[in-house]
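To start, the structure itself, in structure tokens.
The values are calculated or read from the model by the stated rules, or taken from the named source; none is laboratory data. Note that the coordinates shown come from a computational prediction; the quantities given were computed from them, not determined experimentally. Here the Cβ positions follow ideal geometry from the backbone for every residue, glycine too, while neighbour counts run over all protein chains shown. Surface areas here come from the heavy atoms of the whole protein model, side chains and all, with no ligands, DNA or RNA. Shrake-Rupley method; radii C 1.70, N 1.55, O 1.52, S 1.80 Å.
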Amino acid sequence: YWDSGITAWLTKMARTRRSIAGRFLKRFERDKASYDLATNQATALIKEVLINSPALIHVIGSRCKESSSLWLKLCEKGYGQPKRQVNDLVAARVITYYKDAVPIVVNALSEALEIDRRKSVDKREELEDVEFGYTSVHLIVRTKGSWSTSPQYFALRDKWFEIQVRSVLAHAWAEI
């Protein structure tokens, strides 16, 4: 009896999670044009924030999550509240030429944008000085102040999005 009760409960929970994921995915697909626009605006915003930065930047780019990738993520993670839990529907990447420029970029973005410190991750802190590995900084951000009221960035208003900051070498390692 105990095992069948747990199995039935787990089955119901899995069905509920799939239902939540399905509704979230449909809303995302319905609003995809808005997310695509937010993606373009994220790139423009980051370029504007970093325009006077002394950091040597190789590339700034962004993407809107693909529906198939979102569905896989929703299924793998089993989010109960994906609207609050998924932060990378819009994601950008800043690739610097040198690792010394990463903190400069992170500081500039931190001053200009609201950072969710609980959800942001600095992978550099997970490695010892003699270790080599994945070293991106993942910032979960949204606009604040004049950036949030600017008509130029209206599609980003009240949207959390991710910005990854890494050096060219760290990017090459991550891609391999």
Checklist entry - Near Lys26, which lysines are there with a Cα under 22 Å away, not counting those fewer than 8 places off in the same chain? => result Lys12, Lys65, Lys73, Lys77, Lys83, Lys159
Checklist entry - Can you give the percent of C-alpha pairs in the range 76-120 whose distance is more than 11 Å? => result 77
Item to check | Computed over the range 61-128: relative contact order in percent, which uses C-alpha pairs under 8 Å that are six or more apart | outcome: 36
Item to check | Local electrostatic count at Lys26 - Lys and Arg +1, Asp and Glu -1, tallied over other residues with Cβ under 14 Å | outcome: +4
Checklist entry - For the range 26-110, with every protein chain kept in place, what is the accessible area per residue (1.4 Å probe, Å²)? => result 55
Next on the checklist: Taking a ≥ b ≥ c as the square roots of the Cα gyration tensor eigenvalues, with a/c under 1.5 meaning rounded and otherwise prolate when a/b beats b/c, else oblate, which class fits the range 42-176?
Outcome noted: oblate
